[in-house]
Amino acid sequence: MPTSTQLSDEVFIVTGGAGFIGSNLVRLLLRDTNAKIVNWDCFTYAGNRHSLVDVENHGRYQLEEIDITDAEAVMQGMARYQPTAVFHLAAESHVDRSIDGAGQFIDTNVVGTFNLLQAALSWWRSIDKSQDFRFIHVSTDEVYGSLDLGDDAFCETTRYDPHSPYSASKAASDHLARAWKSTYGMPVMVTNCSNNYGPFQFPEKLIPVVILKCLRGDPIPVYGTGENVRDWLYVEDHCRALLRVAQAGQAGETYNIGGNNERQNIDLVRDICAILDELRPHPPGSKISSYAELITFVQDRPGHDFRYAIDARKIKSELDWEPAENNQSGMRKTVQWYLDNQEWWESILSGNYKLERQGIAVTPSA
């Protein structure tokens, strides 16, 4: 794929571009390429127009409300925009929600991915094969299952072993994406990333939950004993990796994207509390002296994988990518962002963002 100085004729479709990773990717693509960026989002609960308010009038940005489970709309959209690359991020992604209602995860993650692959295949077959086209299917490390402390990290050839409806639906979508390359020759690449964190993350995920519980003085729920381990990846590092895969990755390849940043959940929570103790200390006379006193252990969820860890040596050696942020730098940026953007997360907690999405005016309370 051409470099950023050669992308004026490029059109990138980003599915799920109003979500957490998607909105950060849209912003990075507008900044680091000259491509036209088309955002397809159907605005389920996690899609938020406010996450892209700073670019909504950008001359190279276009938002279209498309549900990827609508095969006809996806086929028409692919023909209309004639993309040179598709970044497929649209997905249901919350494990707890998948346990309570798996059907939506099958519809979006499996059927939606099938619809996109079919539409992309139709478009790709219609173009001169000298034209560049890439389909980047964005997935998760959870498809690999769970690790013990002494196990090697997940690599691109690790056997799939999903343990939740969410990870099973993503595993199915990965297999579909690879099959479209093997069967039809379509230039598909799959990426599997570790846990993302950073600005604009919907406040049901661990890190924003901890930050906002602290700010509201509520108990901080930690599953089990908090010993579960995750590899944390700053979202902009992930987005840089996705662009690098689009520019230089090989069709048919899989690239694992990790943060080189394994942490036990309890240590991560304590780190966030310590940063907030510094940036937003309690006033004299407060009932607690540290936010860590709000930590409360709760019953573990069913099928809770113990450890995830990504071996990202392939993308480093082949595409010259590695994370720029470490746990301290990325986490401090994230906490500061939530402190500086109270209006964004308050509109979600209040539900006002859903009303505004429907065109209903909301007057902030005094």
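Between segment 9-73 and segment 253-313, how far is it from one alpha carbon centroid to the other, in angstrom?
So the separation of the two Cα centres works out to 29 Å.
Taking only DSSP H segments of four or more residues, each worth -39500 (n - 2.57), what value at 222 nm results for the chain once the sum is divided by all its residues, to the nearest 500 deg cm²/dmol?
That comes out to -12000 deg cm²/dmol.
Rounding to the nearest 10 and keeping the result within 0 to 90°, find how far the Cα-based axis of helix 20-32 lies from the longest principal axis of the chain.
For helix 20-32, the angle is close to 60 degrees.
For segment 95-108, what does the Karplus curve 6.51 cos²θ - 1.76 cosθ + 1.60, with θ = phi - 60°, yield as ³J(HN,Hα) per residue in whole Hz, taken in order and with x for Gly and Pro?
With the stated coefficients, segment 95-108 comes to 4, 4, 5, 5, 5, 7, x, 6, x, 5, 5, 5, 4, 6 Hz.
Among ASP271, ASP237, ASP300, which one shows the highest mean-square fluctuation when the chain is modelled as a Gaussian network with alpha-carbon springs under 10 Å?
ASP300
On the protein heavy atoms, probe 1.4 angstrom, tell me the percent of accessible surface of segment 120-167 carried by carbon and sulfur.
Its accessible area is 44 percent carbon and sulfur atoms.
For segment 80-92, in order, what is each residue's ³J(HN,Hα) by Karplus, 6.51 cos²θ - 1.76 cosθ + 1.60 with θ = phi - 60°, in whole Hz (x at glycine and Pro)?
5, 8, 6, x, 8, 8, 10, 9, 9, 10, 4, 6, 7
Could you pull out every residue, at least 5 positions away or on a different chain, whose amide H is within less than 5 Å of the one on ILE220? Hs are placed 1.01 Å off N in the peptide plane, and Pro or chain starts have none.
Those lying under 5 Å, H to H, from ILE220 are ILE295, THR296.
For ASP96 and SER289, compute 0.36 nm times the residue count separating them, minus their Cα-Cα distance, and round to one decimal in nm.
Answer, rounded to one decimal: 66.3 nm.
Could you give the accessible area per residue of segment 219-279, probe 1.4 Å, as a whole number in Å²?
In whole numbers, segment 219-279 has 32 Å² accessible per residue.
Each residue of segment 56-67 in turn: what ³J(HN,Hα) in whole Hz from Karplus with 6.51, -1.76, 1.60 and θ = phi - 60°, glycine and Pro shown as x?
Running phi through 6.51 cos²θ - 1.76 cosθ + 1.60 with θ = phi - 60° gives 4, 9, 5, x, 9, 10, 9, 9, 9, 7, 10, 9 Hz.
Packing-wise, with mean Cβ within 10 Å as the measure, how do 84-95, 325-336, 138-149, 109-120 rank, highest first?
Answer by packing, highest mean first, reads 84-95, 109-120, 138-149, 325-336.
With unit charges on the beta carbon (Lys/Arg positive, Asp/Glu negative), name the residue among ALA46, TRP123, GLY59 whose Cα is farthest towards the positive pole of the charge dipole of segment 46-134.
It is TRP123, whose Cα lies furthest towards the positive end.
Please give the contour-minus-distance gain from TYR184 to TYR160: 0.36 nm per residue of separation, less the Cα-Cα distance, rounded to one decimal in nm.
Gain on extension, TYR184 to TYR160, equals 6.3 nm.
Rolling a 1.4 Å sphere over the protein heavy atoms, what is the accessible area per residue of segment 1-87, to the nearest Å²?
That works out to 40 Å² for each residue.
Please give the FRET efficiency for PHE306 paired with SER329, using the beta carbon to beta carbon distance and R0 = 25 Å, rounded to the nearest 0.05.
With a Förster radius of 25 Å, E is 0.40.
Relative to the first principal axis of the alpha-carbon coordinates of the chain, what is the inclination of helix 265-279, with its axis defined by its Cα atoms, in degrees from 0 to 90 and to the nearest 10?
So the inclination is approximately 70 degrees.
I need the calculated FRET efficiency for the pair ASN57 and ARG31, taking r as the beta carbon distance and R₀ as 22 Å, to the nearest 0.05.
For ASN57 and ARG31, the calculated efficiency is 0.90.
Evaluate the charge dipole of segment 162-264 about its Cα centre and quote only its size in Debye, nearest 20, assuming +1 on the Cβ of each Lys and Arg and -1 on the Cβ of each Asp and Glu.
160 debye
If packing is taken as the average count of other Cβ atoms within 10 Å, what order do 64-76, 206-218 fall into, highest mean first?
For the peptides 64-76, 206-218, the packing ranking is 206-218, 64-76.
May I ask which of LYS36/LYS314; LYS181/LYS316; LYS205/LYS316; LYS213/LYS316; LYS287/LYS333; LYS129/LYS205 have a Cα-Cα span longer than 31 Å here?
Checking Cα-Cα distances, LYS213/LYS316; LYS129/LYS205 exceed 31 Å.
Tell me the carbon and sulfur percent of the accessible area for segment 210-366, rounded to whole percent, probe radius 1.4 Å.
That share works out to 46 percent.
Accessible surface of TRP345 in the full protein assembly, 1.4 angstrom probe, to the nearest 10 Å²?
About 10 Å², ignoring ligands and nucleic acids.
The values are calculated or read from the model by the stated rules, or taken from the named source; none is laboratory data. No experiment lies behind these values; they were computed from the predicted model shown. Positions of Cβ are generated from backbone atoms using ideal geometry, with glycine treated the same way; all protein chains shown enter the neighbour counts. What goes into the accessible areas is simple: the full protein's heavy atoms, side chains included, and nothing from ligands, DNA or RNA. Shrake-Rupley method; radii C 1.70, N 1.55, O 1.52, S 1.80 Å.
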